[in-house]
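Presented below is the structure to which this report refers.
The values are calculated or read from the model by the stated rules, or taken from the named source; none is laboratory data. Predicted model, so just to flag it, every value in this text is computed and none were measured. As a convention, Cβ positions derive from the backbone with ideal geometry for all residues, glycine included, and neighbour counts pool all protein chains shown.
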Amino acid sequence: MKNRKLTLQADIEDVIQKCDACTLSMVDGDGLPYAVPMNFGYKNQQLFLHSGPEGKKIELLKKNPQVCITFSSDHKLRWQNAEVACSYSMKYRSVMILGELRFLEDLSEKQAALDIIMGHYTGNTVKYSEPALKNVCVMQVNVREINGRAYGY
């Protein structure tokens with residue numbers, strides 16, 4: 001069974017919407033990879049992330065905002081012969097986004113992005129206090145490239 005490219009935007013967005021987390025990957029100052037799982041929101045080909053205002057990833061992203069974000073869904077183990085190890089494989093769908101991250105500072109931009117994130121997880125709108133908006137780090141990824149793959153589907 002071949003790995004196939006997802007060419008329809010609807011198929012790519014379906015993978016993203018099924019995920020409850022993404023993996024944000026970046027490069028540290030020594031050129032080493034650094035990846036962290038993140039909650040997210042995605043709407044109109046825009047990806048939003050949030051975090052506490054301090055920490056290693058924030059420091060790295062301020063120095064180098066180039067990122068790779070991955071999503072993976074619909075995992076299912078399959079095999080041709082349960083007694084033969086090489087006959088096993090994993091069905092999956094995945095998406096990879098390459099882009100540049102920017103930190104949102106404007107409180108109304110932060111709130112709009114947080115609404116998208118909260119909508120992804122709850123489907124509801126919520127309220128935010130001004131101190132909460134000021135103290136949360138909200139990021140937008142400007143998508144440069146988006147690719148999807150599926151295997152077994």
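Some points to look at:
- You will find that of V67, V136, V95, the residue that is modelled with pLDDT of 95 or more, touching a Pro at 6+ places or on another chain (Cβ under 8 Å) and aliphatic (A, V, I, L, M) is V136 and no other.
- Odd one out for L8, checked against (1) under 16 Å from G148 (Cα atoms); (2) touching a residue at least 12 places away in the same chain (Cβ under 8 Å): (2)
- Residue among S87, S108, S51 that alone is over 14 Å from Q140 (Cβ atoms) and of a type in the set (S, T, N, Q): S87
- Checking G152, G119, G123, G148 one by one, the residue that is modelled with pLDDT of 95 or more, of a type in the set (G, A, S) and surrounded by fewer than 18 Cβ atoms within 10 Å (Cβ to Cβ) is G119 and no other.
- Looking only at the range 87-141, and only at residues there that are polar (S, T, N, Q) and assigned to a strand (DSSP E or B), the one that is farthest from C22 (Cα to Cα): S89
- One residue from S89, S108 being out of contact with any Phe, Trp or Tyr (no Cβ under 9 Å at 6 or more places or on another chain) and small (G, A, S): S108
- Residue tally, condition hydrophobic (A, V, I, L, M, F, W, C), part of a strand (DSSP E or B), free of Cβ contacts under 8 Å to residues at least 40 places away in the same chain and within 15 Å of M96 (Cα to Cα), over the range 20-72: 3
- Count of the range 1-35 residues, restricted to those that are of a type in the set (A, V, I, L, M) and crowded, with 16+ Cβ neighbours inside 10 Å, is 6.
- Number of positions in the range 36-49 that are farther than 21 Å from R144 by Cβ and surrounded by 15 or more Cβ atoms within 10 Å (Cβ to Cβ): 1
- Cross-chain or 6+ apart pairs with Cβ under 9 Å, the range 108-135 first and over 20 Å from E54 (Cβ atoms), then among the acidic types (D, E): H120/D20; Y121/D20; T125/D115; V126/D115
- Restricted to the range 73-83, and to residues there that are assigned to a strand (DSSP E or B) and loosely packed, with under 11 Cβ neighbours inside 10 Å, the residue that is modelled with the highest pLDDT is K76.
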